[in-house]
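Written out below as structure tokens is the structure these notes cover.
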Amino acid sequence: MPTTENVIIIWWGPAGHTAAIYTARALLQPLLFEGFMAGGMPPGGQLTTTTEIENFPGFPEEISGLALMNKMKEQSKKYGTRIETKTIDKVDLSQHPFKLFAGTEEFHAKTLILAMGASAKRLRLPGENKFWQRGISACATCDGGLPLYRNQRLVVVGGGDVALEEALFLSNFGSEIIMLVRRDVFRASKAMQEKVLKNQKIHIMRNTEAIECLGDTTLQSIKIKNNTSGEESLLECKGLFYAIGHHPNTEIVQGQITLDTDRYIITEPGTGKTNIPWVFAAGDVQDKKYRQAITSAGSGAIAALEVERFLEA
């Protein structure tokens, strides 16, 4: 019979490691499963693909996402977190203690913190992998202010509110912002469209999509296609930003826990509580709005404090 753990934390990232640090310091002996390429990401999650981070407090000199996650991992282990590089691929939340499975291995938990994160949707264009984080990003607010993109022509792909927000944000740094919209209309709100149309740095190419990424060591241009005429051309740029959405890594809890229409875990406002007692969620798996390392870490702390209170009670 497996030992019943006080708290199990599923998967990596700032939320998972912050929750681990808090629960470990509370002497709860947390067990964290960082996953092996879980959700298509290495241990540490999406943040490990970011080459330079300038907005995480405590690091006046920029730090890579991988280095930051390694420091978080080192800190959580220092206080007693046990870390397994295994992927939890099945959970049973119908009974307490909860049952978790990594292949044929079974684990039991009194409390559970879900911190599986969310993965940015990508276009998977030819050349994309080569220039990922070398000119291509899925987070303008994370990367847009980096020296690589300052005073350069930048391209945003997308037609929703997020795409327009990212274009407006990038206009503070880039010399020109080109928006590629696959259709002839935006999906964004009228208010956001008005803001974009008034910004003289932002230019819109409708019925247009990117089809290939080109360059040497960094992105230099993209091949684009007009969806009406079929004409292809080259667009010189130093940055390509995807704003086509994210998908939360909630597959293992679907049908067992309450999700919203976009499959994000619904938590009680101001807490990490889900609809199932003893189960908490933190980070991008329940945050579709901000998706920042610092907000993810904060929600991890909140979930950990809730766990402490539950176990004390």
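Structure above, values below:
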{"quantity": "Considering only the chain, percent of DSSP beta bridges that pair antiparallel, nearest 5", "calculated": "45 percent"}
{"quantity": "Pairs from K90/K288; K86/K225; K201/K223; K90/K223; K73/K289; K121/K273 whose Cα-Cα separation, in the structure shown, is over 31 Å", "calculated": "K86/K225; K90/K223"}
{"quantity": "Charge context of F107, other residues only, Cβ under 13 angstrom, K/R +1, D/E -1", "calculated": "-1"}
{"quantity": "Gained length - T3 relative to K90, 0.36 nm times residue gap less alpha-carbon distance", "calculated": "29.6 nm"}
{"quantity": "Positive dipole terminus of the chain, leading residue within P277, G103, N207 (C-beta point charges)", "calculated": "N207"}
{"quantity": "Per the chain, cysteines lacking a partner by the 4.7 Å Cβ criterion", "calculated": "C213, C237"}
{"quantity": "Estimated [θ] at 222 nm from DSSP helical runs (n ≥ 4, -39500 (n - 2.57)) normalised by residues in the chain, nearest 500", "calculated": "-7000 deg cm²/dmol"}
{"quantity": "Surrounding net charge for F310, when Lys and Arg each add one and Asp and Glu each subtract one, Cβ distance under 15 Å", "calculated": "-2"}
{"quantity": "Estimated FRET transfer efficiency when R0 is 41 angstrom, pair N172-E231 (beta carbons, to 0.05)", "calculated": "0.80"}
{"quantity": "Net lengthening on full extension, L66/N199 (0.36 nm per residue, minus Cα-Cα)", "calculated": "44.4 nm"}
{"quantity": "Three-way shape call for segment 122-242 based on the alpha-carbon gyration tensor, with the a/c threshold at 1.5", "calculated": "oblate"}
{"quantity": "Protection proxy ranking of 65-74, 196-205 - average other beta-carbon atoms within 10 Å, highest first", "calculated": "65-74, 196-205"}
{"quantity": "Tilt relative to the chain, helix 161-170 - C-alpha long axis, 0 to 90 degrees, to 10", "calculated": "70 degrees"}
{"quantity": "Length-normalised contact order for the chain - Cα pairs under 8 Å, 6+ apart - percent", "calculated": "21 percent"}
{"quantity": "Cβ-based net charge around Y149, under 15 Å, with every Lys or Arg adding one and every Asp or Glu removing one", "calculated": "-2"}
{"quantity": "Shape category assigned to segment 83-141 from the gyration tensor of Cα positions, a/c cut at 1.5", "calculated": "prolate"}
{"quantity": "Packing-based ranking, highest mean first, of 282-291, 177-186, 267-276 given that Cβ atoms within 10 Å are counted", "calculated": "282-291, 177-186, 267-276"}
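Bear in mind these aren't lab numbers, they're just calculated from the coordinates by the rules spelled out. Since the model is a prediction, treat every value here as computed from it, not as a measurement. As a convention, Cβ positions derive from the backbone with ideal geometry for all residues, glycine included, and neighbour counts pool all protein chains shown.
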